1. Against the definition (away from ligand 1 (no atom under 16 Å from the Cβ) and at positive phi), how does G402 come out, yes or no?
2. When you look at G168, is it without any contact (Cβ under 8 Å) to a residue 24 or more places away in the chain, assigned by TED's automatic domain parsing to the domain that holds V381 and within 16 Å of ligand 2 (Cβ to nearest atom), yes or no?
3. Return the only residue of G37, G86 being closer than 12 Å to T17 by Cα and either β-branched (V, I, T) or touching a strand residue (DSSP E or B) at 6+ places or on another chain (Cβ under 9 Å) (or both).
4. Being surrounded by 16 or more Cβ atoms within 10 Å (Cβ to Cβ) and not in a helix (DSSP H, G or I) is the filter here, so list the residues in the range 242-270 that pass it.
5. Quick check: anything in the range 142-149 farther than 17 Å from Y113 by Cα and either among the aliphatic types (A, V, I, L, M) or not assigned by TED's automatic domain parsing to the domain that holds L185 (or both)?
6. Given the condition buried (at least 17 other Cβ atoms within 10 Å of the Cβ), assigned to a strand (DSSP E or B) and touching a helix residue (DSSP H, G or I) at 6+ places or on another chain (Cβ under 8 Å), answer yes or no: does some residue in the range 19-36 qualify?
7. Does A212 count as under 33 Å from the mean Cα position of the chain (by Cα), of a type in the set (G, A, S) and either surrounded by fewer than 22 Cβ atoms within 10 Å (Cβ to Cβ) or not assigned by TED's automatic domain parsing to the domain that holds L356 (or both)?
8. For the range 347-399, how many residues meet the condition of being outside any loop (DSSP other than H, G, I, E, B), in contact (Cβ under 8 Å) with a residue 24 or more places away in the chain and more than 16 Å from ligand 1 (Cβ to nearest atom)?
Amino acid sequence: MEPIGRVIEVEGLDSFTAVISSDVELRKFEFVKWEDGIGYVEWVKARPSVPTEVPWDVASKVPIDEQTSVVIAKVRSFEPNPPRVGQWVYLAGDEEVEELYSVPPERALHLGYLRNRPNVKINLDLNALVRHLAIIAATGSGKTWTSVVMIEELLKKGATVLILDPHGEYVPIKEKVEELGAEALVLKANAEQEGDVLYTIDLSTVNTDELAFVMGIPKNASKLRGTLEALRQIAEHEFSETQDPKAYSLERMEEVLLAIAEASEFARSQGQFSSLLKRKGVEAPERTLSVLWSIVRRGPDPAFDLLKYVEELKSLGVYGTKPTPITSFLRPATATIFNLSGIRKEVQVHLVYNILKRVFEARVRHMRKVPGESYPYPVMVIVEEAHRFAPPPSEENLWTTGM
Ligand SMILES: Nc1ncnc2c1ncn2[C@@H]1O[C@H](COP(=O)(O)OP(=O)(O)OP(=O)(O)O)[C@@H](O)[C@H]1O
Ligand SMILES: [Mg+2]
């Protein structure tokens, strides 16, 4: 085998420079080997060859042109075993490079081929995905494509895959996935959307802060927030009396808001207010009534304003009294595409928070053998546009970040 270069300088344990033969066109990220090591090319540079210390009468006579230029390559070794100065450097063979990326077949996710060597398969180790993996690259450089390839490979291994898809970009992979003999299922975040299963949330598990966030109520809208807080206390009160989860429903919230609006219009005192409410079938603890009265005594506006927020949320059909069972949307060898397209950001964030929390808790229950909803297999979650859901804490503090 012909050498392609010769070591001229060794820097530390894992890197050296070599002068490269003018017969080869060595590229960055190419793999090279030496007597007992293998490494990759970090950079290649051509430069005019003038020795660093020569007298002027020599330097001024040395021709400096293409013929006298040298090609230098910086090589990084995979192991701390650099060659010695003067040793020969060779191009590594395909088998040797493939060996570097070899993964036992039962764990290998075949991602593609090495760009410079179209015969060398690149595999990712399934075990490397036990924790977290980020795919980061410039716009349009193939992040989504890479995820789709990974998803296909995961499905071939029987994985349960959940894709959080804010643009509905993954919906079209359904057909391709089915060709692989796996399944794909579209989880809807809006009753009007096309898809297989509608994701629903039990409102009694959503706290008031979460609900205000989902509704998009501004942080400084204290009257709206106060009214919402009172509504939730009323719901809690009704639930404790009836055990009927409908107490927390948006429909009930609308009824109560209308009753509040009407009562506040006619009442001249808190006493009147509470008896008018009672006549409309709305009972509340004394403390709640007094806060509510202080908010609406000068007019029903906060109740009517809140009604608009409630109606908007109701139109999604997601927030109700029953959660979609996990096993109706998660299954082995199935990609579940949560289509979040066309949905307001706060709702997207809350749905992602909610589904991640439920999946996480279901996994914990399984592992700890705790009763309640559980899921027996690991779940691979793909978060497309993850910066939307986990922005730097210095920018925004979202519900989803912690999950
Ligand atoms: N390995 C590949 N082979 C063929 N086409 C590819 C490959 N990778 C990406 N593409 C194509 O390049 C385009 C951009 O890819 P992709 O959408 O995956 O980029 P992205 O990094 O997710 O972009 P964005 O930042 O806009 O989300 C797509 O049209 C895709 O089909
Ligand atoms: Mg993309």
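1. Details: away from ligand 1 (no atom under 16 Å from the Cβ): yes; at positive phi: no.
Criteria not met by G402.
2. Numbers: without any contact (Cβ under 8 Å) to a residue 24 or more places away in the chain: no; assigned by TED's automatic domain parsing to the domain that holds V381: yes; within 16 Å of ligand 2 (Cβ to nearest atom): yes.
Considered against the rule, which asks whether it is without any contact (Cβ under 8 Å) to a residue 24 or more places away in the chain, assigned by TED's automatic domain parsing to the domain that holds V381 and within 16 Å of ligand 2 (Cβ to nearest atom), G168 comes out as no.
3. Working: G37 fails: closer than 12 Å to T17 by Cα.
Selected residue: G86, the only one of G37, G86 that is closer than 12 Å to T17 by Cα and either β-branched (V, I, T) or touching a strand residue (DSSP E or B) at 6+ places or on another chain (Cβ under 9 Å) (or both).
4. S249, A267, listed by residue number.
5. Within the range 142-149, the subset farther than 17 Å from Y113 by Cα is 144.
From what is left, the residues that are either among the aliphatic types (A, V, I, L, M) or not assigned by TED's automatic domain parsing to the domain that holds L185 (or both) are none.
The answer is no, given that none of the residues of the range 142-149 is farther than 17 Å from Y113 by Cα and either among the aliphatic types (A, V, I, L, M) or not assigned by TED's automatic domain parsing to the domain that holds L185 (or both).
6. Yes, because at least one residue in the range 19-36 is buried (at least 17 other Cβ atoms within 10 Å of the Cβ), assigned to a strand (DSSP E or B) and touching a helix residue (DSSP H, G or I) at 6+ places or on another chain (Cβ under 8 Å).
7. Numbers: under 33 Å from the mean Cα position of the chain (by Cα): yes; of a type in the set (G, A, S): yes; either surrounded by fewer than 22 Cβ atoms within 10 Å (Cβ to Cβ) or not assigned by TED's automatic domain parsing to the domain that holds L356 (or both): yes.
The answer is yes for A212.
8. So the first thing to find is which residues in the range 347-399 are outside any loop (DSSP other than H, G, I, E, B), and the list is 347-368, 379-383, 386-389, 399.
In the following step, the residues that additionally are in contact (Cβ under 8 Å) with a residue 24 or more places away in the chain were identified as 347-360, 362, 379-383, 386, 388-389, 399.
Then keep just the ones that are more than 16 Å from ligand 1 (Cβ to nearest atom); that gives 347-360, 362, 379-381, 399.
Of the residues in the range 347-399, 19 are outside any loop (DSSP other than H, G, I, E, B), in contact (Cβ under 8 Å) with a residue 24 or more places away in the chain and more than 16 Å from ligand 1 (Cβ to nearest atom).
The values are calculated or read from the model by the stated rules, or taken from the named source; none is laboratory data. In this text, all values refer to a predicted model and were calculated from it rather than measured experimentally. Cβ sites come from the backbone with ideal geometry, for glycine too, and all protein chains shown count toward neighbours.
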